[in-house]
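Structure first, commentary second.
The values are calculated or read from the model by the stated rules, or taken from the named source; none is laboratory data. Not measured: the values here are computed from a predicted model. Positions of Cβ are backbone-derived with ideal geometry, glycine not excepted, and every protein chain shown enters the neighbour counts.
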Amino acid sequence: MMHTSGSLTVELHRLRDRPGAESAPPVLSRFVVHTYGDAAEYEQRLRSVLMPALRLGGTADFEQESLPVDDVPDWFGVIGSEDEERAPQFARTGRDGYVEHMEESRPWELQDWLYRFDPDEDSRGWEWWDATQAGPSRVHIWVDSWGESFFGCRELLWAAYAAGAARVDGPTLQKSAVWSAERGLARADAAVRGLDMRSNARMRALLRETGTAGPSPQDIPPVFREVVERGWSVTPAGGRVLTDLLPENLPRYSDRLAEETTVNGRGMTDHDLPSATDERAPLLVRRCLAYVAACLHGAQEHFGDTAVKSYVSLSFADTDEALLTANVTFCTPLPDVRPYIPDLEDVTDAAVAEFSAENCSCGSRAVALHASDGDDDMIKLCDSQVRLIPL
């Protein structure tokens, strides 16, 4: 396979950010990796090894005797050296697995391995595409081999084993639709695993099954867009409420939390959605997430802090149709007031997520939204700011 500095730059971009389904070639080659430990940690290690190699491939002078190794993880640098005993156990076990897999092959020395990413080196018959987690200890590595089922991939196998693979099967050619389906599940799983969360099985299952990608402004129903655009107000009792939801005559409530949750609470628009749960759930979840992100961003801008939280609950209606419904509300937890949802772990008849805008500009998996079609301000709701809570 022919490589160029430009193709290596694109390859590096795919390594950093999962590519879109529309950019995939008709077929991809898949390696099935069985890991010794957690699949997410394995994937992170593998990407950390390939990242500096691809970066060097697009920038380094391969005419020099040695390449810079400052960005290469230390454990990967020593696993093929005489100092290999300094490497962690996962790398040493992976090294032995590679030698067994390749029969009489020896471990790679770091410089030899890095030189395989020279754009003029045609023995590397693959380009990185993606990695998806197919189980607690299984990862699928996807590469573009230009439709070839047999191609040079020793350097990839070395990285895969050294990162902690117990066994690597493949490659096999797969239609890109297979990767695309796994990509959707991987994004949902990442959104669950990456969160500081308490959750029940119902919420985790819902997010995984919907495979919901980042919401967009178009997901917010028109009536809720008006709520977002009118922003926030403060009641005489100090409650933080959405202006458009304030009743003309505000009644007295037992406390500020009751006021906020009652005034801000609304059922998400769903009359125009399909009744079948597998079709209805992804659309309903996207609407809720887009609305929540927009409102939390508005609260942060208006109040200058991130105290407002949002609760999204999903459950089946107690009707003959038993349609999936959703409710969204906002409140500010208070130290001297009973929590909005007490004894969270003991509730089992619905799924609920608690959202916060705190530190919402951080994280590479942030969800970016526009508050309205004409608004240039971005809303970023980080994965790390969602706590999934059983209700």
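Some notes on this structure:
- Within the span defined as the stretch 302-311, one or more residues are part of a loop (DSSP other than H, G, I, E, B), touching a residue at least 12 places away in the same chain (Cβ under 8 Å) and surrounded by fewer than 20 Cβ atoms within 10 Å (Cβ to Cβ).
Yes/no matrix, rows are residues, columns are (1) under 30 Å from the mean Cα position of the chain (by Cα); (2) surrounded by fewer than 12 Cβ atoms within 10 Å (Cβ to Cβ):
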residue	(1), (2)
Pro221	yes, no
Phe224	yes, no
Glu229	yes, no
Ser233	no, no
Gly238	no, yes
Leu242	yes, no
Leu245	no, no
Asn249	no, yes
Ala258	no, no
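- Of all residues in the stretch 12-43 being farther than 14 Å from Pro88 by Cβ and polar (S, T, N, Q), the one that is surrounded by the fewest Cβ atoms within 10 Å (Cβ to Cβ): Ser23
- Restricting the stretch 320-353 to residues that are among the charged types (D, E, K, R) and modelled with pLDDT of 80 or more, the residue that is farthest from Ala290 (Cα to Cα): Asp320
- Any hit, the stretch 291-300, residues being of a type outside the set (Ser, Thr, Tyr), free of Cβ contacts under 8 Å to residues at least 60 places away in the same chain and either crowded, with 16+ Cβ neighbours inside 10 Å or not in a loop (DSSP other than H, G, I, E, B) (or both): no
- Residue check for Glu63: more than 31 Å from the chain's Cα centre (by Cα) and not in a helix (DSSP H, G or I): yes
- Filtered residues of the stretch 247-290 (kept if part of a loop (DSSP other than H, G, I, E, B) and farther than 24 Å from Glu321 by Cβ): Pro247, Glu248, Asn249, Leu250, Pro251, Arg252, Tyr253, Ser254, Asp255
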